[in-house]
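Bear in mind these aren't lab numbers, they're just calculated from the coordinates by the rules spelled out. A quick note: this is a predicted structure, and the numbers were derived from the prediction, not measured. Cβ placement follows ideal geometry from the backbone for every residue including glycine, while neighbour counts extend to all protein chains displayed.
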Amino acid sequence: MTNLKDLNSEFWANLETIFSGFDGAIIIDTEGTIMLFTEFYAQQMGLSREDTLGKNVLDIFPSTRLMEVIESGKAIIAEPWEQLGKGHVVSRVPITVNGRIIGAAGYNVIAYDKMPQFLTRLSSLNTELSYYKETVKRLSGARYSLASIIGNSQPMLEAKEKARQVAGTSAPVLIYGETGTGKELFAHAIHQESARRDGPMVRINCAGIPESLMESEFFGYEEGAFTGARKGGKPGKFELANKGSIFLDEINDLPYAMQAKLLRVLQEREFDRVGGTRMVEADVRVISASNVDLRIPVAENLFRRDLFYRLNVFFIRLPSLRERPEDIPLLVDYFIERQNTENGTHIEGIDREAMNTIINYPWPGNVRELEICIERACLDAQTGILGLENLVRFGGRRVAEQGDHSRTVSGLKEARERAEKDAIVLALRHTNGNKQKAADLLGIHRTSLYYKLREYDMI
Ligand SMILES: Nc1ncnc2c1ncn2[C@@H]1O[C@H](COP(=O)(O)OP(=O)(O)OP(=O)(O)O)[C@@H](O)[C@H]1O
Ligand SMILES: [Mg+2]
């Protein structure tokens with residue numbers, strides 16, 4: 001990877017989720033092109049986000065020092081900065097991958113009267129930065145095993161047992177679960193526990209590829225297949241996954257036309273490259289993941305029933321965190337331990353009040369949201385016992401009452417629905433009804449939000 005532009009849409013979606021909690025933040029690439037600009041920042045500066053994304057930072061903020069950071073590779077931490085008549089305290093850091101600078105991030109804290117909070121916030125911002133660096137590292141090739149998946153609750157033990165059984169076969173598996181429940185983790189684990197573990201594990205994000213490029217992305221192309229086609233052609237993901245597994249992530253977003261092509265490959269176990277004449281054998285194990293119940297798009301004729309049956313030979317449903325609150329203490333310990341090892345913090349645990357708050361919160365973003373929350377808290381506290389005051393997620397407020405009633409009444413399904421509805425209403429209120437932004441806040445894809453709205457009769 002040489003530039004931020006090369007990072008995939010999932011990376012940007014993760015980044016958006018992380019940065020949406022910040023007061024103001026901007027990310028540029030090495031040319032100075034603005035890649036990320038938070039809504040809050042745009043509002044504060046009286047600018048529109050659309051007007052800034054893709055523009056050169058020097059055109060928008062002539063006095064910016066972000067380009068200096070790119071040139072020198074040195075961070076500028078907590079510097080007072082005057083811009084458009086407003087005083088800020090700004091930090092600017094280079095973004096590096098494998099020692100190469102690929103961009104820079106800037107973020108500000110404008111509340112001068114909140115200097116103590118400002119200082120703690122600054123340290124949590126730095127955590128986030130190392131968090132997404134870590135995410136990039138993890139997404140690009142790290143491997144997981146079933147044993148590394150935390151959780152001893154009944155639904156989790158069942159999911160792991162199912163995964164173990166499935167791993168022993170080469171049949172297609174469909175993993176379903178809300179966002180952040182560990183679908184990708186399970187997909188890797190299944191591959192890792194299977195006889196194909198020494199073969200490749202290739203991921204395709206079905207939501208992240210423009211429809212026009214999809215066929216060549218899946219199946220590759222031959223030299224001269226179209227204008228601009230690379231000399232010698234290019235193998236597709238199916239070819240790269242030969243003798244291994246292919247992970248079709250966000251399969252629910254696969255365009256209808258592509259569904260027919262995928263079905264054909266699964267039936268015939270061979271395919272041809274775009275512009276090609278010879279058939280290539282597809283010896284791959286298909287693992288797909290969806291964060292909507294695929295039966296809904298199937299019933300609505302948005303997803304082919306025949307393809308659904310092909311993918312759904314084995315089905316694993318991952319429980320939401322709300323359905324397994326007994327796993328929360330384990331996960332919290334695990335994330336604290338990881339922070340201590342990786343970031344040199346000395347956190348000894350979490351106090352009872354904070355733990356109760358965490359257990360009673362509905363976690364719409366599931367394990368991912370909990371993971372971010374604990375990582376931030378550890379960096380905020382650095383040593384000792386985590387308390388409510390370190391949980392930026394809760395702003396120090398007590399939310400136990402709200403969590404309680406969503407967990408104790410009549411059944412998990414209803415509790416989950418209520419929690420999801422509440423989260424959706426809040427997100428929509430927060431974004432003035434903008435569904436894309438609400439989906440970003442919730443950490444789900446826009447189409448998933450539409451499904452939820454329809455499922456819960458909210459439109
Ligand atoms: N049981 C678990 N134990 C440890 N870490 C977990 C567990 N489940 C999820 N995580 C962590 O939570 C984060 C989200 O997991 P993952 O990416 O697998 O979720 P997902 O279901 O694919 O979410 P999305 O639908 O948003 O893509 C990852 O950082 C992952 O390592
Ligand atoms: Mg995923």
(message) Using the Karplus curve 6.51 cos²θ - 1.76 cosθ + 1.60 with θ = phi - 60°, what ³J(HN,Hα) values do you get for each residue of the stretch 300-316, in whole Hz, with x for Gly and Pro?
(response) 8, 6, 8, 10, 5, 4, 5, 5, 3, 5, 5, 6, 9, 4, 10, 10, 10
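Given a cut-off of 28 Å, name the pairs among K5/K183; K5/K421; K160/K234 whose C-alpha atoms lie farther apart than that in the structure shown. Walk me through the numbers before you get to the answer.
On the way: K5/K183 26 Å; K5/K421 35 Å; K160/K234 37 Å.
Correct reply: K5/K421; K160/K234.
Can you tell me how much longer the chain between A75 and T96 gets when fully stretched, taken as 0.36 nm per residue apart minus their C-alpha distance, in nm with one decimal?
Numbers: separation 21, 0.36 × 21 = 7.56 nm, distance 1.13 nm.
Value of the extension gain: 6.4 nm.
Among H188, H346, what is the fewest-to-most ranking by other Cβ atoms within 10 Å? Don't skip to the answer; put the middle values down first.
Working: H188 24, H346 11.
If I rank by nearby Cβ atoms, fewest first, I get H346, H188.
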(request) Using amide H atoms built 1.01 Å from N in the peptide plane, name the residues 5+ places from I385, or on other chains, whose amide H lies under 5 Å from its own. (result) E348
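Please order W12, W363 by the number of other Cβ within 10 Å, starting at the fewest.
Working: W12 15, W363 24.
The most exposed by this proxy come first: W12, W363.
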(request) Could you give the spread of the C-alpha atoms of the stretch 155-317 along their three principal axes, from largest to smallest, in whole angstroms? (result) 51, 39, 27
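Given the chain, what percent of its DSSP beta bridges are antiparallel, to the nearest 5?
Details: 30 of 52 bridges.
Expressed as a percentage, antiparallel bridges in the chain total about 60.
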(message) Based on C-alpha coordinates, I'd like the Rg and Dmax of the chain, in Å.
(response) 23.0, 69
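Which whole-number percentage describes the relative contact order of the chain, with Cα contacts under 8 Å and a sequence gap of 6 or more?
13 percent
Just from its helices, what would the mean residue ellipticity at 222 nm be for the chain, if runs of 4 or more DSSP H residues each count -39500 (n - 2.57) and the sum is divided by every residue, rounded to the nearest 500 deg cm²/dmol? Walk me through the numbers on the way to the answer.
Values: 20 runs with 207 residues, N = 459.
Result for the chain: -13500 deg cm²/dmol, rounded to the nearest 500.
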(request) Kindly put F19, F335 in sequence by how many other C-beta atoms sit within 10 Å of each C-beta, fewest to most. (result) F335, F19
